[in-house]
Structure formats: structure tokens, C-alpha cells
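A short write-up of the structure that comes next.
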Amino acid sequence: MSHQEYVLSCRARAAEIATLVISGSMPVLEGCHLLDGLSAAVEVPDNDPDFLAFNVIRSETEALPIGRVREHWAANALAALEPELRSATDWARPVALPACRSIMDRFGA
């Protein structure tokens, strides 16, 4: 796979994640964490507003059990954190959804 093909595949993955977030098939926080992790691979400028949004959301929520890491947490610990997760999601949603729509438009979902 060439470098250009790799970048295009990462952009397609970013569009796929953004689509899942918009559709409600993937939790907002999980999608933001995944998208932030793709920021270098999709080769956008460091000051790209969409990926900056994902980075801020990830930075503010990185201590929470998001995504696959939840599998390793005790059920009672997850239940105790549920209000904080809900609050973080409510905070992130109005920032994340427009950024996800932009990613879908830019990278072709």
C-alpha cells in the first residue's frame, strides 16, 4: 500500500466513524477518541478545526472509561461513573456533531 493509499484509507475510516456517530450507532465520546487518534494519519493541518474539536473532547474525557476499555471495568464502577459520562456526552455532542458532519463531507461518507 502506498502512502497516499494509506492516507485515503484513514480518511475513509474517519468518515465511517463520523457517520456512525451521527447515526447514533457509535457513542459520541468513543467516536471523538477514535477520530482524534486518526488526526495525524489523515494528514490535515495541526490547526484543523474539526480535529481540534475531537482533541479537546478527548483531552477532557480521557480519564473516563470510553470504548473497548469499558470491558475491563467493574460493573459497579461503570454505574458510578454513568452520570459523569452522560454529562460529558451532553457537553461534547454540540461540538462533536458539526465536526463529524464536516468530516463526512470532506472525506466522502
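The chymotrypsin sites (Phe, Trp or Tyr not before Pro) of the stretch 1-88 that meet both conditions, a loop assignment by DSSP and at most 15 other Cβ atoms within 10 Å of the site Cβ, are TRP73. Under a 5 Å amide H cut-off, with hydrogens placed 1.01 Å from N, MET26 pairs with VAL21 among residues at least 5 apart or on other chains.
Could you work out how much longer the chain between TYR6 and GLU43 gets when fully extended? Use 0.36 nm per residue separation minus the Cα distance between them, nm to one decimal. Write down the numbers at each step before the final one.
Numbers: separation 37, 0.36 × 37 = 13.32 nm, distance 1.04 nm.
Taking TYR6 through GLU43 to full extension adds about 12.3 nm, to one decimal.
Sum up the charges of everything whose Cβ sits under 15 Å from the Cβ of ARG106, counting Lys and Arg as +1 and Asp and Glu as -1, but leave ARG106 out. Around ARG106, the charge tally is -2. Residues of the stretch 29-56 with the amide nitrogen closer than 20 Å to a label point 7 Å from the Cα of ARG68, along Cα-to-Cβ, please. 29-42, by backbone N distance to the label point. Neighbours of ILE66, meaning other residues whose beta-carbon lies under 12 angstrom from its beta-carbon, give a summed charge of -3 when Lys and Arg score +1 and Asp and Glu score -1. Given DSSP loops and a limit of at most 16 other Cβ atoms within 10 Å, what is the longest stretch of the chain that contains no such GluC sites (Glu not before Pro)? Value returned for the longest uninterrupted segment is 63-109. When the Cα convex hull of the chain is projected onto planes of every orientation, the mean area is 7.1 nm². When shorter helices are ignored and each DSSP H run of at least 4 residues is given -39500 (n - 2.57), the per-residue value for the chain at 222 nm works out to -24000 deg cm²/dmol.
Each reported figure results from applying straightforward, stated rules to the coordinates on display, with no laboratory input. Everything numeric in this text was worked out from a predicted model, so none of it was measured. Glycine also receives a Cβ, built like all others from the backbone with ideal geometry; neighbour counts cover every protein chain displayed.
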